[in-house]
1. Going through Leu25, Leu32 one at a time, which residue ends up being crowded, with 16+ Cβ neighbours inside 10 Å and closer than 23 Å to Leu184 by Cβ?
2. Got a sec? Which of Ile240, Ile264, Ile245 is at pLDDT 95 or above and touching a Gly at 6+ places or on another chain (Cβ under 8 Å)?
3. Answer with yes or no whether Met399 is under 19 Å from Ala252 (Cβ atoms) and in contact with a Ser or Thr (Cβ under 8 Å, 6 or more places away or on another chain).
4. Against the definition (at pLDDT below 95, assigned to a loop (DSSP other than H, G, I, E, B) and closer than 24 Å to Ala232 by Cα), how does Gly305 come out, yes or no?
5. I'd like to check which strands (runs of 3 or more DSSP E) are fully inside region 346-390 and have at least 3 residues that are loosely packed, with under 12 Cβ neighbours inside 10 Å and of a type in the set (A, V, I, L, M).
6. Any residue at all in region 102-110 that is under 16 Å from Ile71 (Cα atoms) and of a type in the set (Val, Ile, Thr)?
7. Hey, does region 172-195 have a residue that's of a type in the set (Phe, Trp, Tyr) and farther than 30 Å from Ala358 by Cα?
8. Which of (1) over 24 Å from Glu382 (Cβ atoms); (2) over 15 Å from the mean Cα position of the chain (by Cα) is the odd one out, the single condition Ile245 does not satisfy?
Amino acid sequence: MADVSPADKRWLTIIGIGEDGPDGLGEEARRLIATAPAVFGGERHHALAASLISGEKLSWQSPFERSIDAILERRGTPVVVLASGDPFLYGVGATLSRRVAAHEMRTIPAPSAFSLAASRLGWPLQEVATLSLLGKPIDLIRPHLHPGRRVLALTSDEKGPGEVAALVTASGFGQSRLTVLEALGGRRERQRSTAAADFAFRDIDPLNICALDIAAGEGARILPFAAGIEDALFEHDGQITKREIRAMSLSALSPRHGELLWDIGAGSGSIGIEWMLADPSLKTIAIEQSVERAARIARNASAFGVPHLAVVEGVAPGALRGLPAPDAIFLGGGGSEPGVIEAALAALKPGGRLVANAVTLEMEAMLICEHAKRGGFLTRIEISRAGALGDMSGWRPAMPVTQWRWTKG
């Protein structure tokens, strides 16, 4: 029996289409749309390609997973999916690839909104931060607010640019240049610029992308790239891992791509927030028994641009049951409670890291005991800060911290 080439199995075609409709498509893309028995896409996509479609038009359903199921029911017969721009850049291609193997599909991309915006502005795309705010909190833009940074942010609708301008201004970056690029590539294309603080545009096309050339004013809230962010940038009631200890703790936790952290007894959430700021792929579940502090953690997470940090209200170890297994655990508060360390160690994935900090003698004794039983590394951290001493200055020592770092075999 002759081998079947992978190309013969490609029943699904994903075609990127721009605002210029069929005019921006190549001959192959137009032919595949015209001959497809079924064409899936949004209403806008169907309208753009209306002159080509002869088969059944199938619009996206809610929830979206129902449309994916409908596509999979046609496996083996020709199906075309229309997408905006590049289907694998914040697009439907990424969703479909989780259910359809690469050898079953072909993709014909069009320029993405980011590519079109960068070309209009003359910005080298590799030097620009790109993010999608489609259906997501605009707080995600906060970590990118650095002087001299350029940002392209795809928004959800006509309200998006105004919301971005308000956030940027409230964060101390009101003099940043904000350009709204609308309906790129089509007859309705338009480009308008203003300082973020002066934003007053009306009649904005829902299909838009915001370009920001960041300029910082006095007191701008800049989130540094290094671990150990200033304590004052966090909302807290004193229950916070201080910046020097936090930097050393994050170094010990050693975040790696795609990992999940449990922050047990999270307090202000500072450890879990900085863990997530290290890379967009990282996740945190903060476990906190105080209702007030749990709400504060959520506010801090939004203020630092990681609003998807998960907060679990409850007391460990009971609150740990049913949570996804962690790759790393930070134990700062509540670690001396009965059963907490045992539950944490049991939940940790093989190769995962646990970092526990103690300031009380009771917790320190427990960590020394665990170190004797299981090994790992014990570190004593002592920090002194200069302060007023009469009319002179002197060193004021902070409470020493005993840190146990352990990796599960």
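1. Leu25
2. One residue alone meets the criteria, Ile264.
3. no
4. So Gly305 fails the test.
5. 384-389
6. Scanning region 102-110 turns up at least one residue that is under 16 Å from Ile71 (Cα atoms) and of a type in the set (Val, Ile, Thr).
7. Among the residues of region 172-195, at least one is of a type in the set (Phe, Trp, Tyr) and farther than 30 Å from Ala358 by Cα, which makes the answer yes.
8. Of everything listed in (1) over 24 Å from Glu382 (Cβ atoms); (2) over 15 Å from the mean Cα position of the chain (by Cα), Ile245 misses just condition (1).
The values are calculated or read from the model by the stated rules, or taken from the named source; none is laboratory data. Values in this document were obtained by computation on a predicted structure and should not be read as measured data. Here Cβ is always computed from backbone atoms with ideal geometry, including for glycine, and neighbour counts include all displayed protein chains. Remember, those area values only see protein heavy atoms, side chains included, never the ligands or the DNA or RNA. Shrake-Rupley method; radii C 1.70, N 1.55, O 1.52, S 1.80 Å.
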